[in-house]
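In what follows, a single structure is set out as structure tokens and then discussed.
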Amino acid sequence: MKKQFAGFQTRCVHSGEQLDKEGGIHIPLYNHSTFGFSTTSELLDVVEGRKQGNLYTRYGLNPTIRAVENKLASLEDAESAYVFSSGMAAETAVFMTYCAPGDKIICIGDVYGGTYELLSVNLKKFHIETTFLLGDELHMLDQVSDDKTRIVFLETPSNPNIEIFDIEEIAVFCKKRDILFVVDNTFASPVNQQPLQLGADLVVHSTTKYLGGHSDLTGGAVIGQSSMIEPLGIWRKNLGQIMAPEVAFLLARSLRTLAVRVKSQNQSAMKIAEFLQKHKKIEKVNYPGLSDFKGYNTAKKQMTGFGGMLSFEYKGTAKATSDMVDRLRLFSIAASLGGVESLVTQPITTTHHGMLPEERKRRGIVDNLVRLSIGLEDAEDLISDLDNASNIPSY
């Protein structure tokens, strides 16, 4: 969709919206499974693509779904977007659309545990192989790619060690070799980072996280040029991966406040990262806004905000770390992120629990690693909570 408005916050509120026939100021919820036509010729115009219209919700031909897709495309400065039932559904559609048996994917750095399982287990059954490069193995990218490499995939910032990768640099590599470059922008959100403007071909989101922002919906999205989005449609349609209209309606509501939520979370996360960096019970803090963080210079170059996600290593065993987590009062122990409430998790117990211990160790996902998703509470209250929970002898 062509960008209608210059200001990002204006687009959050107005893109994809229009007065409905009753005068409602937002697209209403059309929870219909199917839509009717007055004549067969009108039906065929939509079925055969001569006119845009509403037909059947599983196909995505539903006005509530189309409205939120237009809003998402606008926020990433893209032509088109497709929404899905989950972030994993969105990723799966990309991999199945652009890879065939015998093809290869390169996955760079940390990724969500479910993504790792999809790439390392599920896609193998279709003879699609994935090469996993650690963040410090980026120099091997040319070495491991060949004429069967179809996709380079990464998260930046990554889950859970908040790795930062130079999108522009990797995009140049991929374009020279005609490899599709896919960036998971979930942790940053389009408020803080615009991968398509930096050279990525497709952006994926778990809309469950910052885009939804209230821990009350599950969804995913793929965003990019129309010519690259449209081939995903047959997979979404036939695997039944469409986002429900009720969820699309909730997502559109959430996107109207995206900018103000994320900017507030950026500010609080920065204060908390600075506090933790000085705390005697914390060994290491992973946050791109800290000047001594490995990815700081790259983050400063390609991000307009450093995000609401951070992780740290507590001085203690896995048990001491979980005891510290259990003492927190304002942070809920939960696996998700990006909501208005602050969440905490040990990746070894949730997001990366299913990963083999030796693989976690290889990736630096240590037993005493704690991931925080900073919400909209006062930063000073969150800092006090972390301080009180941490000031207990380790063991």
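The values are calculated or read from the model by the stated rules, or taken from the named source; none is laboratory data. No experiment lies behind these values; they were computed from the predicted model shown. Methodologically, a virtual Cβ is constructed for each residue, glycine included, from the backbone with ideal geometry; neighbour enumeration extends over all protein chains shown. The protein model used for the area step is the full one, side chains on, heavy atoms only, and it has no ligands, DNA or RNA in it. Shrake-Rupley method; radii C 1.70, N 1.55, O 1.52, S 1.80 Å.
Restricting the search to helices (runs of 4 or more DSSP H) fully inside the stretch 124-228 and requiring at least 1 residues that are under 19 Å from residue 12 (Cβ atoms) and touching a residue at least 40 places away in the same chain (Cβ under 8 Å) gives 189-192.
Condition test on residue 321, is it out of contact with any Phe, Trp or Tyr (no Cβ under 8 Å at 6 or more places or on another chain), among the polar types (S, T, N, Q), open to solvent by less than 10 Å² (accessible area, probe 1.4 Å) and over 24 Å from residue 255 (Cα atoms)? Criteria not met by residue 321.
You will find that of 212, 240, 224, 220, the residue that is more than 23 Å from residue 383 (Cβ to Cβ), open to solvent by 10 Å² or more (accessible area, probe 1.4 Å), at pLDDT 95 or above and small (Gly, Ala, Ser) is 240 and no other.
Quick check: is even one residue across the stretch 298-313 within 20 Å of residue 276 (Cβ to Cβ), at pLDDT below 95 and in contact with an Asp or Glu (Cβ under 6 Å, 6 or more places away or on another chain)? No. The one condition from (1) over 23 Å from the mean Cα position of the chain (by Cα); (2) surrounded by 14 or more Cβ atoms within 10 Å (Cβ to Cβ); (3) not hydroxyl-bearing (Ser, Thr, Tyr) that residue 110 does not meet is (1). On the basis of being closer than 25 Å to residue 185 by Cα, among the acidic types (Asp, Glu), in contact (Cβ under 8 Å) with a residue 24 or more places away in the chain and open to solvent by less than 50 Å² (accessible area, probe 1.4 Å), does residue 79 make the cut? Here the answer is no, as residue 79 does not meet what is asked. State whether the residues of the stretch 183-192 include one that is polar (S, T, N, Q), over 18 Å from residue 109 (Cβ atoms) and either modelled with pLDDT under 95 or open to solvent by 30 Å² or more (accessible area, probe 1.4 Å) (or both). So far as the stretch 183-192 goes, no, none of its residues is polar (S, T, N, Q), over 18 Å from residue 109 (Cβ atoms) and either modelled with pLDDT under 95 or open to solvent by 30 Å² or more (accessible area, probe 1.4 Å) (or both).
Checking the stretch 89-101 against the condition returns no match, with no residue being farther than 16 Å from residue 234 by Cα, surrounded by 21 or more Cβ atoms within 10 Å (Cβ to Cβ) and not hydroxyl-bearing (Ser, Thr, Tyr). Might you check whether a residue that is touching a strand residue (DSSP E or B) at 6+ places or on another chain (Cβ under 7 Å) and part of a strand (DSSP E or B) occurs anywhere in the stretch 285-299? Yes, the stretch 285-299 contains a residue that is touching a strand residue (DSSP E or B) at 6+ places or on another chain (Cβ under 7 Å) and part of a strand (DSSP E or B).
The set of residues in the stretch 357-395 being touching a Lys or Arg at 6+ places or on another chain (Cβ under 9 Å), open to solvent by 10 Å² or more (accessible area, probe 1.4 Å) and not in a helix (DSSP H, G or I) consists of 366, 367, 368, 376, 391, 392, 394, 395.
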